[in-house]
Every structure is written in C-alpha cells, then in structure tokens.
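Read-outs: derived from the displayed coordinates by stated rules, not from any lab. What you are looking at is a predicted structure, and each value in this text was computed from that prediction instead of being measured. Glycine gets a Cβ as well: all are built from the backbone with ideal geometry, and neighbour counts include every protein chain shown.
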Amino acid sequence: MSEPQSRTSRPCSRNTSRRFRRLIAVGATAAATAGLLALPSGGGTAAAAPGPLTWSDEFNGAAGTAPDAAKWRRDIGGGGWGNNELQYYTGSTANAAHDGNGNLVVTARRENPAGYNCWYGSCQYTSARLLTAGTFTQAYGRFEARIKIPRGQGIWPAFWMLGDNFGSVGWPDSGEIDIMENIGREPATVHGTLHGPGYSGGAAVTGSYTTPGGRPLADDFHVFAVDWAPDAITWSVDGTVYSRKTAADLRGNRWVFDHPFFMILNVAVGGNWPGSPDGSTSFPQQMLVDYVRVYAHDDGGGTGGGQITGYGGKCVDVAAANTANGTQIQLYDCNGTAAQRWTWAADGSVRALGKCLDVAAGGTANGTRVQLYDCNGTAAQRWVFSAAGDIVNPQANKCLDATGVSSANGTPLQIWECGGGPNQKWQRS
C-alpha cells in the first residue's frame, strides 16, 4: 500500500468542506463538498422492488462479539481521514460489537485508552469504521441497511460505498455513493450524495430528506437504501424515494458508477462539515445496525436482471452461486436464484452476483472456458446479443457455447466458433 499523501488546504465553508473520509492507506487526498436538494418532507414515491438477495449480515452474534471477519474489515487510525475528523478508529469490540439482540453497535467514545495519537495530538475520541473491501463487492442492485443513528453536535454517522478500483485509480475517479449521512446539528435530515471526477457534493448530485414533523432520526430505526441501475441511482428512506440522479445531472462529467463497489459503515466525530462536539454532546454515542442487505438489480424484465435460457431449456448459472473469481459458468435447471439473474450493462458486460461474465485469461481459442470474474472493463467481458440469438464475444469473434452439445446440469460454458447450433442459441427474459 502507498503511504498517505498530505492533505491539501481547503476553505472551511459549508459547501467546500463536507467530507472526504477516504481510505487514507492508499493515499487519496481531496476534500468533498456538500449541497442540499430541497425536497418535500414525506414526499416521493415508493421504492421499486429489488431483485434476489445476494449478500446480507443480520448481526445475530452473541453479545460482545466482533463483527464477522469474513464479511467486514476494519480501517484503523486517527489521521483525520482527509476531513480533520477527531476520532481514532480502532479494531476493538469496545467500538464495534454485536449486542446480542440482533444488532451491530458502532460506538463513539470520549476516551483514549491506549494512548492513541491523532493528527492534532493525543486523541480525544475512539470509534469504528467497517468495510467490505476484499470480502464483497457488487455492481448495481439495492443496498440497504436498517439503522438507528446516534445524535449530538459533532456526531457523523454514515453508510456509504466506494468503487472497488479505489486502490488503483484513487478518489474521486473510483466513484463514491453516500447512502446515508447525518450530522448532529441536523437531527431530522439525511443526505444522499454522489462523488466522482469533476463533481463532489453540490445540489446537482446531492439529495436530502427531512422527516415529517422534523422528528429526530435517532428516535427510531429507519431503512436507508439506494437502488442502483446502470443509468440511475435512487435514494429512499423507509421506502420513500427522495432523490434520483442520472448521468445528465453530472453536467458533462464522467459517470463512474458502472463497476462493483464495496460498503462502509462508520461513526465519525468532528470534522470540517459537522464541526466539533460541544458541551451539549454526550458520550458514548451509538449507531445500531439491525441488518445490511444487498439485492441483485432487477429492472422488471427486458435486458436487466433476468435469466438467460439456452440448450434444453436450461439457464446460464454461476456454479454453486460462488462469487470467487474463476467460478465456472454452466447450464443448470432454471430456479430463479440470484446465480441465474443476469444484467446486461451499458458497457457491454453481462453481470450476476456483482461480477462479470468473462472469457478466461482473455482467450480467443475454441474451447476457452467462460467464468465469473471481477468486472474490469476488458474486451474479455464484452458481449453482444445478436438478433439470431447468439451471444458473441467480439474480441474472439466467437459464440457462447454449451460444451459437448449437452444440456445436462453442470455443463460448462465456453466460447466456440459460431456455427448456428442449438447449443449456441440463447433467450433473455
């Protein structure tokens, strides 16, 4: 990993200091901005139904146990996270643990039990930041969490996402989707924002929702969600849509929301946007998370979120619904699971379970196997569905093919010279 770069100096106004809580270990260094999009309280429409569940954590661990290490990693440190935040993120169960009642509890404390050093000197606060980088990523679909946020001046809870190419391209080219952010001085308002190259916050890419009657969000649990499609991202609270953004809102800037992202949960203390705690802020402050769930993208039919049916009426299937790179793509009885729901993206990729249909090693020879792999934008992941029912990889100029002209369950798929046979004909639903 690269060393963190120094922070650039930026004016500390409300619209230029909102946030930049990036993964400092790989050296991103810009500051984010914020604006508000006024929307009527309680307005909007109901969020669309999602596709099949692809990932979840219900947080049913025993009281005091750490979050599932197979699902969540930890960010550690007190460097300010590019936004002059005051907390030190620890790996301790004092800051993130199950409560035994079906919740993850992320706790911000006014303490420094281990002599932690922060950017401003001896740390005054501890908290936790959990992320699925390295354990789970997905492009498109619904990402939602049921959360009871903390409260108080200077307290800054968030549920958000970064592009999985963050380590190679940095921020903001990786893209960032803020599903839920709240700052303590706005107890009834949640913000949802996009960040990308040439845009970071501001009214064009930010939405906000205020609860009916101004009731504090910290009084109860709420479901915060985004529905992410190839051409739009839609935010909702408790099923009520309050914002929708498309490429047209970027005013000519690049739409970078076309690849897998990972999720982040954290509670920050202080920073340029929320300001510091004051005499009215009590500690500890806790964010309770009942669940985090991710669903496949489903646009109601057509070219997204549907089955691909082939020889013998069998479906294109991710073997054992395994999301590991290199997992075999096969024919199998159609069963409606997420392993058989494929989204045809605008970039020519075909996606399931947050990954892409891929020609192994970018091969072009007859018999090269087809697999599931991280979406990477290469020609090995470009596909064209022809009017004749062929699925063609243009780089190889070959067709998706059921090996051995077989329709048995588990028949692996490959690319082969297009010959018009029934084992190369496909239908999308």
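Tell me, what ³J(HN,Hα) does each residue in region 85-102 have, in order and in whole Hz, if you take phi through Karplus 6.51 cos²θ - 1.76 cosθ + 1.60 with θ = phi - 60° and put x for Gly and Pro?
Karplus values, whole Hz, x for Gly and Pro: 5, 9, 7, 9, 7, 10, x, 7, 5, 5, 10, 8, 7, 6, 9, x, 10, x.
Between S386 and S276, what length in nm is gained on full extension when 0.36 nm per residue of separation is reduced by their alpha carbon distance?
Full-extension gain reported as 33.8 nm.
Please work out how much length the chain gains when fully extended from A408 to N325, using 0.36 nm per residue of separation minus the C-alpha to C-alpha distance, in nm with one decimal.
Gain in length upon complete extension: 27.5 nm.
Could you give the dipole magnitude of the chain about its Cα centre, charging the beta-carbon of Lys and Arg +1 and that of Asp and Glu -1, in debye to the nearest 20?
In total the dipole reaches around 580 debye.
Calculate for the chain the 222 nm mean residue ellipticity that helices alone would give, adding -39,500 (n - 2.57) per DSSP H run of length 4 or more and normalising by residue count, nearest 500 deg cm²/dmol.
The helix-only estimate for the chain comes to 0 deg cm²/dmol at 222 nm.
Lysine pairs in the chain with Cα distance under 27 Å, only those 8 or more apart or on different chains: how many are there?
Pairs that pass both the separation and distance tests number 10.
Amide H to amide H under 5 Å from W156: which residues, 5+ apart in sequence or cross-chain, H placed 1.01 Å off N in plane?
Amide H neighbours of W156: A268, G270.
Points 7 angstrom from Cα along the Cβ direction at A248 and A360: gap in nanometres?
Between A248 and A360, the simple spin-label model gives 4.5 nm.
How large is log10 I(q)/I(0) at q = 0.10, 0.20, 0.22 Å⁻¹ when the Debye formula is applied to the Cα atoms of region 308-428, each weighted equally and without solvent?
So the normalised log intensities are -0.23, -1.06, -1.34.
Hey, could you get me the Stokes-Einstein D for the chain, Kirkwood radius over alpha-carbon pairs, 25 °C and 0.890 mPa s, rounded to whole µm² s⁻¹?
The diffusion coefficient I find is 109 µm²/s.
Which of the peptides 140-148, 379-387, 225-233 is most tightly packed, and how do the rest follow, judged by the mean count of other Cβ atoms within 10 Å per residue? Let's see the in-between values first.
Values: 140-148: 23.7, 379-387: 16.2, 225-233: 21.0.
Answer by packing, highest mean first, reads 140-148, 225-233, 379-387.
Could you check the spin-label model distance between A379 and I76? Points 7 Å from the Cα along Cα→Cβ, value in nm.
4.4 nm
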